[in-house]
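Following: one structure in C-alpha cells, then a few remarks.
The values are calculated or read from the model by the stated rules, or taken from the named source; none is laboratory data. Fair warning: this is a prediction, and the values are worked out from it, not measured in the lab. For neighbour counting, all protein chains shown are included, and Cβ atoms are generated from backbone atoms with ideal geometry for every residue, glycine included. These accessible areas exclude ligands, DNA and RNA; they are computed on the full protein's heavy atoms, side chains included. Shrake-Rupley method; radii C 1.70, N 1.55, O 1.52, S 1.80 Å.
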Amino acid sequence: MNLLSFFNRRTSAPVARERLQILLAHERGIVGGKPDLVAQLREEILAVVRRHVMVEQDNVQVKMNRDSDISTLEIEIEIPAPAAVSA
Amino acid sequence: MAKVLVVTSGKGGVGKTTSSAALGAALAHGGEKVVVIDFDVGLRNLDLVMGAERRVVFDLINVVQGDAKLNQALIRDKRLENLSLLPASQTRDKDALTEEGVERVLNELREKFDWIICDSPAGIERGATMAMRHADVAVVVTNPEVSSVRDSDRIIGLLDSKTEKAEKGERIEKHLLLTRYDPVRAERGEMLKVDDVLEILSIPLIGIIPESEEVLRASNVGSPVTLNNPASAPGRAYFDAVRRLKGETVELTIPTDRKGLFGKLFGRRAA
Ligand SMILES: Nc1ncnc2c1ncn2[C@@H]1O[C@H](COP(=O)(O)OP(=O)(O)OP(=O)(O)O)[C@@H](O)[C@H]1O
Ligand SMILES: [Mg+2]
C-alpha cells in the first residue's frame, strides 16, 4: 500500500457522495414518471454539443437536484483542450 | 388535532423501530397522548423494544379485520400512562392490511391520541406503503452510508407521490433523522457527513442520533432509550428531535456520551 492509496482509503466519503449524486439524478427521473429523463437529456445534449465539438460520452454529466421548492438541472461538459479540438 | 407520523426508511435495520419507540416515549414524557403502531406485520419487534411482548393479546390485523375492538388491542405502557402500543401480528402477512381497514383504525385513533406513530417495515412494498399512506408527517431514518441514502431518496419520492396528502396535491411534512452517526469517522472522511446527506436528500434535518451502546442496552431491557437513559447521548438527541418536531428551534448538536477510562471499561463489560 503506497501513501496515496492510504490517503484515499481514509477519505472514501467524498467518493460516496459523488457516486450518490450521479446515481440519484438518474433514479429521480424514473420516480418522477419519466423513465430515465436524465439519461435521455444526456444523450440529446451530447448530440447537440457534438455538432460543434467532439466530446467523450463520459465527459458529459447531468445532475438533477431536488429541493423543497425548486429542482435544478446541472449540466457539466468537459471540453477537450484546444489542440484536441482542431485535431 | 391529532397527527399521524410515519417512521420510514426503505432500507432495513437503520433504526426505525428504535426511533419510533424513542420518539413516542419522549413525546409521551412531555405530556402528549401517544400511540405507536407496529406496521411490520409478520416480523413484529416494537413490542419487544418497548418491553410489552408478554402483554400482546390482539393486534393491528385483528382490529383492521374487525375481530377485535381497538381498546382490546391497545397496550398501555407500564411506565408512561399516556403511551400506548398497537402491536403487529406475528402470524399473518402484510396482505391482511386493507386500505379501508387501516384508514378506519387511524381515524378511530385520531379521536383518542395526539400523536399516532407508524413504525414502517423496510422495503417499498405493501407494508411500507400502508404505513405512510395516511401520514401527515414523515420521519425518514437514514444512516450515513450509500445504500441507506439511496433508499431514503426513493422513499422521499414515494412520500411525494403515493401518500393521500400527495394525491390531494398537498405537501407532506418530511424530516430527516440521521441515525447511527459516528462524528469521529465522519470527520476522518470515512463516513458521509451530515452536510453531505442533507445536500443530497434536501429535506430538513430533525436530529442526529449518534451510534451508541446505550441503544442496545435499552433494547436489551425492553425500554425506549429516551426512558431508559434520557441523559445518554442518543436519549438527549431524541428529546431534541421531539422539540423540533413540535416546532421549536433547537440548536443542532451531536450529543456524545462522555466517559472516562473507567466508564469505558465498565461500559464494555455491562453492555
Ligand atoms: N443509534 C444507534 N446506536 C447503536 N445501535 C443502534 C442505533 N440505532 C439502532 N441501532 C441498532 O440497530 C439495529 C436495528 O435497529 P432497528 O430494529 O431499530 O431498525 P429498523 O429500521 O426498525 O429495522 P427493520 O427494517 O428490520 O424494521 C438494532 O440492533 C438496534 O439496536
Ligand atoms: Mg423495525
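Among the residues of region B:1-41 satisfying the criterion of being aliphatic (A, V, I, L, M) and within 10 Å of ligand 2 (Cβ to nearest atom), which is farthest from B:Asn62 (Cα to Cα)?
B:Val14
Mind telling me which of the residues B:Glu211, B:Glu251 ends up being at pLDDT below 95 and within 30 Å of B:Gly31 (Cα to Cα)?
Checking each option against the conditions leaves just B:Glu251.
Those residues that are more than 9 Å from ligand 1 (Cβ to nearest atom) and without any contact (Cβ under 8 Å) to a residue 60 or more places away in the chain, I need them from region B:231-245; list them, please.
Across region B:231-245, the qualifying residues are B:Ala231, B:Ser232, B:Arg236, B:Asp240, B:Arg243.
Of (1) in contact with an Asp or Glu (Cβ under 7 Å, 6 or more places away or on another chain); (2) more than 16 Å from ligand 2 (Cβ to nearest atom), B:Arg54 satisfies all except one. Which?
For B:Arg54, the failing item is (1).
Can you run down the residue pairs with Cβ atoms below 6 Å, 6 or more apart or on separate chains, where the first is in region B:16-40 and within 23 Å of B:Glu111 (Cβ to Cβ) and the partner is assigned to a helix (DSSP H, G or I) and away from ligand 1 (no atom under 16 Å from the Cβ)?
Once the first residue is within 23 Å of B:Glu111 (Cβ to Cβ) and sits in region B:16-40, its partners that are assigned to a helix (DSSP H, G or I) and away from ligand 1 (no atom under 16 Å from the Cβ) give B:Val34/B:Leu27; B:Val34/B:Ala28; B:Val35/B:Leu109.
Name the residues in region B:98-120 that are part of a loop (DSSP other than H, G, I, E, B), open to solvent by less than 30 Å² (accessible area, probe 1.4 Å) and more than 16 Å from ligand 2 (Cβ to nearest atom), would you?
The answer is B:Phe113, and nothing else.
Sort out which residues of region B:155-164 are over 18 Å from the mean Cα position of the chain (by Cα) and within 8 Å of chain A (Cβ to nearest Cβ), and write them in order of number.
Of everything in region B:155-164, those that are over 18 Å from the mean Cα position of the chain (by Cα) and within 8 Å of chain A (Cβ to nearest Cβ) turn out to be B:Gly157, B:Ser161.
Counting just the residues of region B:204-230 that are in contact with a strand residue (DSSP E or B) (Cβ under 9 Å, 6 or more places away or on another chain) and open to solvent by 60 Å² or more (accessible area, probe 1.4 Å), which one comes out nearest to ligand 1 (Cβ to nearest atom)?
That would be B:Glu211.
Among the residues of region B:43-55, write down those that are part of a loop (DSSP other than H, G, I, E, B), closer than 21 Å to B:Ala241 by Cβ and within 8 Å of ligand 1 (Cβ to nearest atom). Steps first, answer last, please.
Initial filter on region B:43-55 (part of a loop (DSSP other than H, G, I, E, B)): B:43-45, B:50-52.
Imposing the further condition that a residue be closer than 21 Å to B:Ala241 by Cβ reduces the set to B:45, B:50.
B:Asn45 - this is the single residue of region B:43-55 that is part of a loop (DSSP other than H, G, I, E, B), closer than 21 Å to B:Ala241 by Cβ and within 8 Å of ligand 1 (Cβ to nearest atom).
In region B:1-42, which residue that is within 22 Å of B:Glu214 (Cα to Cα) and open to solvent by 10 Å² or more (accessible area, probe 1.4 Å) is farthest from ligand 1 (Cβ to nearest atom)?
Applying the filter and picking the extreme gives B:Gly30.
Considering region B:184-203 alone, what residues qualify as being more than 7 Å from every other protein chain (Cβ to nearest Cβ) and open to solvent by 90 Å² or more (accessible area, probe 1.4 Å)?
Within region B:184-203, B:Arg185, B:Glu187, B:Asp195, B:Glu199 meet the criteria.
Specify the residue that is modelled with the lowest pLDDT; the eligible residues are those in region B:1-46 that are of a type in the set (D, E, K, R) and more than 13 Å from the chain's Cα centre (by Cα).
This residue is B:Arg44.
Do we find that B:Gly127 is free of Cβ contacts under 8 Å to residues at least 24 places away in the same chain and either within 13 Å of ligand 1 (Cβ to nearest atom) or assigned to a helix (DSSP H, G or I) (or both) in this structure?
no
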